[in-house]
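Notes follow the structure.
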Amino acid sequence: MSATESSASTTSMLQENRLFPPPAEFAKDAHISSLEQYEQLHQRSIDEPEAFWAEVAEGLHWFKKWEKVLDWDLPDAKWFVGGQTNLAYNCLDRQIDDGLGDKVALVFEGELVDDNGQPEVVKYTYAELKREVCRFANVLKAQGVRKGDVVTIYMGMIPQLAIAMLACARIGAPHAIIFGGFSAQAICDRVEDGKSKIVVTADGSWRRGKPVPLKKNVDDALEMTKLVEKVIVYQRCKNDVTMKDGRDQWWHDLEKDASDDCPAEPMDSEDLAFILYTSGSTGKPKGIMHTTGGYLVHTTMTSKYTFDLKPDDPDEMYWCTADIGWITGHSYIVYGILPNRVPTLMYEGGPNFPAEDRFWDIIERHKVTKFYTAPTAIRTFMKWGDEHIDKHDLSSLKLLGTVGEPINPEAWMWYREKIGGNRCPIVDTWWQTETGGHMLTPMPGATPTTPGSCCRPMLGIDAAVVNSEGEEVGTNEGGILVIRKPWPSMLRGIYGDRQRFIETYWEKVPGMYCPADGARKDENGNFWITGRIDDVILVAGHNIGTMEVESALVSHDSVAEAAVVGFPHEVKGNGVAAYVILRVPMPAPGSDDAKALQKELIQHVGKELGPVAKPDQVRLTEALPKTRSGKIMRRLLRDIAAGNDITSDTSTLEDRTIVDKLVAQGG
Ligand code: WTA
């Protein structure tokens with residue numbers, strides 16, 4: 001499939017050329033306050049990358065300074081070679097060393113509210129957070145965790161999740177965090193892939209007023225794998241859980257006698273910091289590996305510039321609504337934000353609990369200044385109606401950000417007007433689990449923005465739109481997005497799968513990093529992401545591999561074959577459509593039996609992969625539209641799912657009546 005025919009995009013290909021200069025009031029005090037300044041800085045960062053990155057790195061704490069900034073042997077990068085540092089030290093101790101121990105580092109808001117409508121709010125200073133992190137680090141050590149051991153973390157959005165990850169970082173145990181919305185099967189697969197012997201979880205986590213049964217999911221997963229020897233359980237919701245003797249222990253019991261002194265382990269720059277799984281084109285999720293030094297430097301630098309973070313502004317309050325189970329939470333709730341010395345806010349639960357105005361209520365009460373969320377959330381808020389927003393004073397906001405998928409210009413304009421009061425710059429940040437940090441984004445005080453475009457390359461990033469030979473294409477011509485030079489937070493590999501790493505990222509366009517996104521560059525030099533060019537569907541900003549859903553469907557007793565495609569969805573960006581051939585006699589389309597089976601298959605995928613992957617449409621069919629050479633015509637399946645007229649050429653189809661039957665059946 002070529003980049004331009006990608007289905008995954010909601011970005012309009014209509015020429016969108018409204019240009020909004022950075023608000024003058026904002027630009028005045030911004031770290032980068034003019035386009036000219038950005039262009040100069042960017043040019044220098046490309047011409048002299050090593051000098052540029054070394055200067056950034058010098059602002060952080062190193063136990064031992066690097067000997068060489070970059071060692072590049074395509075596709076293997078080593079950054080800050082010979083240097084030693086520690087992520088947790090830079091997130092916590094460095095601030096304490098500089099006399100900021102009493103400054104608020106983390107603000108937590110729980111989901112439940114009391115009778116007066118007040119939620120649980122807990123604030124941690126750098127010193128307090130360090131104490132908690134040290135205590136839990138000592139717990140991990142006492143449980144036998146050593147430098148290099150992979151610790152699986154499966155928790156909700158509570159401070160203990162950040163504490164657990166920082167504790168791992170402190171002792172050099174790479175964490176593998178699994179999003180709390182994933183299923184038992186997903187936990188099992190990841191534990192086995194990472195060969196992890198210990199899981200940190202919680203009894204539950206509040207979501208729309210109910211506990212998510214985290215511990216139960218872990219129990220189910222551990223029925224399927226014998227690898228895990230120890231489970232540490234934080235008590236959050238006090239929901240019923242079963243504790244298995246000899247395997248499961250309560251966090252609070254283990255912590256009783258733990259010392260709050262635990263020196264940070266000096267880590268080599270290239271020591272593994274964490275693994276984070278993301279979906280790919282083939283069935284098995286990829287364990288993306290990030291290392292210590294480069295990841296720290298890149299996430300800290302990008303946080304500072306993209307969000308224009310101001311440590312000296314006592315009012316600064318940054319809130320990213322992502323879950324820490326995704327890369328956005330890793331980089332822009334924890335690792336990139338804490339070293340910047342501004343409070344990071346963490347919210348436990350759903351956006352509509354107890355009511356649809358919860359986010360605006362949070363912004364008003366905590367006086368949030370910088371707000372970072374996903375286009376799918378913005379579209380949901382638009383749908384819920386402006387009355388929820390009008391009730392709240394959002395005047396503390398100074399900057400808005402988006403991430404995860406293309407934002408349609410309509411949602412961008414709404415965000416700017418209704419949430420940002422036309423005074424806040426919007427940073428539409430393009431990046432990936434694999435890139436570790438921001439790659440394309442406006443600089444809020446410098447870049448004129450156009451709704452729907454993620455604008456310009458980040459400092460230090462050499463991005464281009466090319467054809468499959470690696471040659472740059474012309475203005476507004478569609479092509480493949482590539483990164484031509486290494487950057488510090490780039491993935492160092494796929495855990496345990498060297499070949500897949502090379503094939504997935506380095507062979508599509510020889511010599512360049514290929515993220516598998518289509519793009520074009522407009523006459524102002526702004527980049528537009530046009531959608532995935534592989535078999536990944538972006539559903540509400542989550543990457544769903546079509547093969548993963550197909551495998552999940554085929555694992556159901558009644559299913560013989562399945563084909564899964566994406567189709568445009570008003571709120572989620574894309575929906576998942578599944579075409580299923582049964583092993584059992586096919587019930588009549590529209591009958592109760594057919595409906596029951598469709599529902600069952602949707603639930604089955606939810607159970608196998610987690611709720612985010614549930615198909616929006618399931619069509620039962622006797623056959624799939626295939627070419628005479630036996631290839632499934634996915635383009636047709638996408639058109640059918642989208643309800644489009646079938647205009648594409650069907651002359652190569654083996655049997656056209658299949659298409660007519662599928663169309664007649666409806667979604
Ligand atoms: C998509 C999330 C358009 C893209 C940080 C990418 C975007 C994938 C944007 C990575 C954006 C992310 N505009 N598309 N601003 N941000 N994407 O690994 O397709 O969960 O390759 O990382 O999301 O998703 P991931």
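A few remarks follow.
- Pair list, Cβ < 7 Å and 6+ apart or interchain, from the range 209-222 residues that are within 21 Å of E192 (Cβ to Cβ) to residues that are of a type in the set (D, E): L214/D203; K215/D203
- One residue from G437, G401, G420 being more than 16 Å from the ligand (Cβ to nearest atom) and among the small types (G, A, S): G420
- Subset of the range 377-401 [open to solvent by less than 20 Å² (accessible area, probe 1.4 Å) and among the β-branched types (V, I, T)]: I378, I389
- Failed condition for E255, given (1) under 26 Å from V104 (Cα atoms); (2) without any contact (Cβ under 8 Å) to a residue 40 or more places away in the chain: (2)
- Candidate set: the range 513-550, residues that are in contact with a helix residue (DSSP H, G or I) (Cβ under 8 Å, 6 or more places away or on another chain) and part of a helix (DSSP H, G or I); chosen: the one nearest to the ligand (Cβ to nearest atom): E548
- Just one residue in the set G474, G460, G436, G445 is open to solvent by 10 Å² or more (accessible area, probe 1.4 Å) and of a type outside the set (S, T, N, Q); that residue is G474.
For (1) small (G, A, S); (2) surrounded by fewer than 17 Cβ atoms within 10 Å (Cβ to Cβ), each residue gets a yes or a no:
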| position | (1), (2) |
| --- | --- |
| V218 | no, no |
| R236 | no, no |
| G246 | yes, yes |
| D253 | no, yes |
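- Selection count where residues are more than 27 Å from R146 (Cα to Cα) and under 26 Å from the mean Cα position of the chain (by Cα), scope the range 217-248: 1
- Any chance N574 is farther than 18 Å from T278 by Cα and open to solvent by less than 20 Å² (accessible area, probe 1.4 Å): no
- Pairs linking a residue in the range 266-284 that is modelled with pLDDT under 95 to a residue that is among the hydroxyl-bearing types (S, T, Y) and open to solvent by 40 Å² or more (accessible area, probe 1.4 Å), with Cβ atoms under 8 Å and 6 or more positions apart or on different chains, are G283/S551.
- Filter pass, T282 being hydroxyl-bearing (S, T, Y) and over 30 Å from E550 (Cβ atoms): no
- If you go through the range 652-661 and keep only what is over 14 Å from I632 (Cα atoms) and either of a type outside the set (K, R) or open to solvent by less than 70 Å² (accessible area, probe 1.4 Å) (or both), you end up with T657, D660.
- Scanning the range 494-506 for any residue that is within 16 Å of the ligand (Cβ to nearest atom) and touching a helix residue (DSSP H, G or I) at 6+ places or on another chain (Cβ under 7 Å) turns up at least one such residue.
- Residues that are farther than 23 Å from N543 by Cα, polar (S, T, N, Q) and open to solvent by less than 30 Å² (accessible area, probe 1.4 Å), drawn from the range 341-376: T344, T369
- The set of residues in the range 125-142 that are open to solvent by 70 Å² or more (accessible area, probe 1.4 Å) and either part of a strand (DSSP E or B) or hydrophobic (A, V, I, L, M, F, W, C) (or both) contains only A142.
- Residues (among the acidic types (D, E) and either over 30 Å from A355 (Cβ atoms) or in contact with a strand residue (DSSP E or B) (Cβ under 8 Å, 6 or more places away or on another chain) (or both)) located in the range 207-258: D219, D220, E223, E229, D245, D248, D253, E255, D257
- Every residue from the range 78-100 that is open to solvent by 10 Å² or more (accessible area, probe 1.4 Å) and small (G, A, S): G82, G99
- The set of residues in the range 320-340 being open to solvent by 10 Å² or more (accessible area, probe 1.4 Å) and within 12 Å of the ligand (Cβ to nearest atom) consists of A322, D323, W326, I327, T328.
- If you go through the range 38-77 and pick out every residue that is assigned to a loop (DSSP other than H, G, I, E, B), surrounded by 15 or more Cβ atoms within 10 Å (Cβ to Cβ) and out of contact with any helix residue (DSSP H, G or I) (no Cβ under 6 Å at 6 or more places or on another chain), you end up with 2.
- Flag for V122 being modelled with pLDDT of 95 or more, in contact with a Pro (Cβ under 6 Å, 6 or more places away or on another chain) and surrounded by fewer than 24 Cβ atoms within 10 Å (Cβ to Cβ): no
- The set of residues in the range 165-209 being open to solvent by 20 Å² or more (accessible area, probe 1.4 Å), in a strand (DSSP E or B) and within 22 Å of E608 (Cβ to Cβ) consists of R207 alone.
- Candidates P406, P442, filtered to the one that is under 28 Å from K383 (Cα atoms), at pLDDT below 95 and within 16 Å of the ligand (Cβ to nearest atom): P406
- Residue count for the range 267-301 satisfying the condition of being more than 18 Å from the chain's Cα centre (by Cα), open to solvent by less than 20 Å² (accessible area, probe 1.4 Å) and within 22 Å of S196 (Cα to Cα): 2.
- Qualifying residue in the range 494-511 (condition: open to solvent by 10 Å² or more (accessible area, probe 1.4 Å) and within 30 Å of D308 (Cα to Cα)): no
- The set of residues in the range 487-507 being outside any helix (DSSP H, G or I) and under 30 Å from K614 (Cα atoms) consists of L491, G493, I494, Y495, G496, D497.
- Considering residues of the range 599-641 that are of a type in the set (S, T, N, Q) and open to solvent by less than 40 Å² (accessible area, probe 1.4 Å) only, the residue farthest from the chain's Cα centre (by Cα): T627
- Among all positions in the range 608-622, there is at least one residue which is closer than 27 Å to R207 by Cα, in contact (Cβ under 8 Å) with a residue 60 or more places away in the chain, in a helix (DSSP H, G or I) and out of contact with any strand residue (DSSP E or B) (no Cβ under 9 Å at 6 or more places or on another chain).
- Selection from the range 299-319 of residues that are within 16 Å of the ligand (Cβ to nearest atom) and in contact with a strand residue (DSSP E or B) (Cβ under 9 Å, 6 or more places away or on another chain): T302, S303, T306, F307
- G667 part of a loop (DSSP other than H, G, I, E, B) and in contact with a Gly (Cβ under 8 Å, 6 or more places away or on another chain): yes
The values are calculated or read from the model by the stated rules, or taken from the named source; none is laboratory data. Note that the structure is a prediction, hence the values are computed from the model and not measured. Note: ideal-geometry Cβ built from the backbone for every residue, glycine included; neighbour counts use all protein chains shown. Side chains included, ligands, DNA and RNA excluded: accessible areas come from the protein's heavy atoms. Shrake-Rupley method; radii C 1.70, N 1.55, O 1.52, S 1.80 Å.
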